[in-house]
Each structure stands twice: as C-alpha cells, then as structure tokens.
Amino acid sequence: MCIRDRKDAGYQAVAVLGVGLIAASEDVGSEMSLRMINHLLQYGNVTVKRAIPLALALLNLSNPKVTIMDHLSKLSHDSDAETSQRAIIALGLIGAGTNNSRLAGIFRQLAVYYAKDPSNLYLVRISQGLLHMGKGLVTIQPYYYDRFLYSKVSMAGIIIFANSCLDMTNIIIEKYHYMLFYLCLSIYPKSLFLLDESLKPLPVSVRVGQAVDVVGQAGQPKRITGFQTHNAPVLISYGERAEIATEEMIPITDVVLENFVIIKKNPNYSEDQDKPRKKTSL
C-alpha cells in the first residue's frame, strides 16, 4: 500500500477498512488479518494508522475480545487526536449491545481522562450508549445462520457509518452527527424464540453454549460445549449456539436455532429417550 500522492490517502484508509470487511465473517481469516493490521500499524503512514481502529472494529462487531479491547484502549490514548477518536468509537462498536463490564470500566476511565476535551468526551458518551444498547438484548452483528449468511441492509449501515468515521471531526463531531443513525439498520435482537405451529411462544428447555466446529467429524459429535440450560426465549451471544434440550420437540425444518424457530412434537418420541442412561461397569 505505497502512497505517491496525498490524494491517494483517502483510498488507503478505505482499503484498510476493506481488510476488516473481507476477513470479518470467519475466525481463521480474522486471525490472519490481525497480523497484517499490526504490520500496517508499525510501517504505515498516518492516514493508514488512523483507519486501523475502525478495521479492528469491523473484525469484531459486538464481540469484545480482551486482546482487541486492550489494543484499542492503547490507541484511545494516542497523541494523534483523529486516531484516539476513532479508537473510542471502535470500542463502542466491538461492545455494542453486550454490557461488557471491562469495556464499561474503560469508558469510565476515558470519561475522566477526556473530561476537559468536549469532542472526545462526546464520543465516549456515544460509545457508552452503544455498549448498553437495548440493555444487552440487541446486536449489530450483520452475520446470521451460524455466520453463513449476512444481511445486506445491516452491512450497508455499518459501511456507511465506518466511512463517515474516516472524517470524524467534520462529519460525526460537527455538522452531520445524524450519520450515527445509519447504525440503526444493523441493530437486531440476538434472541431465540421457539413457536408452535400456530405461532404461539413455547417455553421449551434450550441448551446454550460455545459453538464447536464439527465439520468432517464422524458420528454425532457435540456441537456445543460449556452449555447452560434455560427455557426459551434465550439470548445467543457472538460465538454461541443453541440446541433443544429435549427430544420431544423438533424444528419443522432442519435450521440453525436462532431468531424465530417453529417447532413441533417429534412423532418418533418416546419417554425413554430423555431418561439418563445408567452407567454399566465392565
């Protein structure tokens, strides 16, 4: 990404955002892009460095990883005002709708640190609003169906907002602060509702835990680990997966359990299926 003319600086910033967008949908690509972003941070010019907080946010929307949080927290104290402002907004994007306590603590520290800087304090308050958005019941993650598909409308809102943040002072802080409302296109509940065939909610037991990659494994391996059992409706955070805890009910079609799912009684169900098996000694 060499630069020959100052006019090309804007294109470079957008290219950095493109790195985040391309790699955001799957974990391996996301980890690989972090190495590229670290190289850009070390060897890139000022324009590239200013776009890096936004690229990190696009990689981890509503997914507050500790390493990314620490990285952005350092950038939020940067001597360059534009870099620190974008890092503050990026912290809000990675924690959007999560109520993450560590991020809440970082924002309280930033509010004290920037108490005499109205522009940065304004961005800290916006990011705090994003963190506690919908009291933790919503997300801005555009991917769904086990991150296999994405919503074009949701992604459009995120891209518009990210491009607006490339000129933070003139757009978000001064005249066109209403560009923030484009994020509303991405806000969506992160719940699982189980409905019967007449679309009435059913309080069926559901296991929610960390998703496990079972592609290529023989038999019927466990698809979730470290699960907790709740009655529907339940919240499903980033990287989590749900499955019905009883064999009595099954979905009417083979779908990923998220959002609204219609279920019916299992015609092949017998009560013995849900009874725990007795351990037999050899």
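Below, the figures for the structure above:
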item: Using alpha carbons only: equivalent-ellipsoid semi-axes of the stretch 44-111, gyration tensor based, whole Å; result: 19, 13, 8
item: Share of carbon and sulfur in the accessible heavy-atom surface of the stretch 92-229 [1.4 Å probe, %]; result: 59
item: Over 29 Å (Cα to Cα) - which of 116/175; 190/265; 65/264 fall in this group; result: 65/264
item: Debye intensity ratio in log₁₀ form over the Cα atoms of the stretch 1-102, taken at each q of 0.21, 0.22 Å⁻¹; result: -1.08, -1.17
item: Helix 66-75 axis, angle to the chain major axis (alpha carbon atoms, nearest 10°); result: 10
item: Percentage, to the nearest whole number, of Cα pairs in the chain over 37 Å apart; result: 25
item: Of every Cα-Cα pair in the stretch 148-222, the percent that sits beyond 22 Å; result: 57
item: Residue-normalised accessible area of the chain, given per residue in Å² at a 1.4 Å probe; result: 58
item: Interatomic Cα distance distribution for the stretch 77-224, bins of 5 angstrom, percent; result: 2, 8, 14, 17, 16, 14, 9, 7, 6, 4, 2, 0, 0
item: Using alpha-carbon coordinates, inclination of helix 101-113 to the longest axis of the chain, degrees; result: 20
item: With Cα atoms, 0 to 90° folded angle of helix 9-23 axis to the chain main axis; result: 10
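The values are calculated or read from the model by the stated rules, or taken from the named source; none is laboratory data. The structure displayed is predicted, hence computed values, not measured ones. Only protein heavy atoms, including side chains, enter the accessible area calculation; ligands, DNA and RNA are left aside. Shrake-Rupley method; radii C 1.70, N 1.55, O 1.52, S 1.80 Å.
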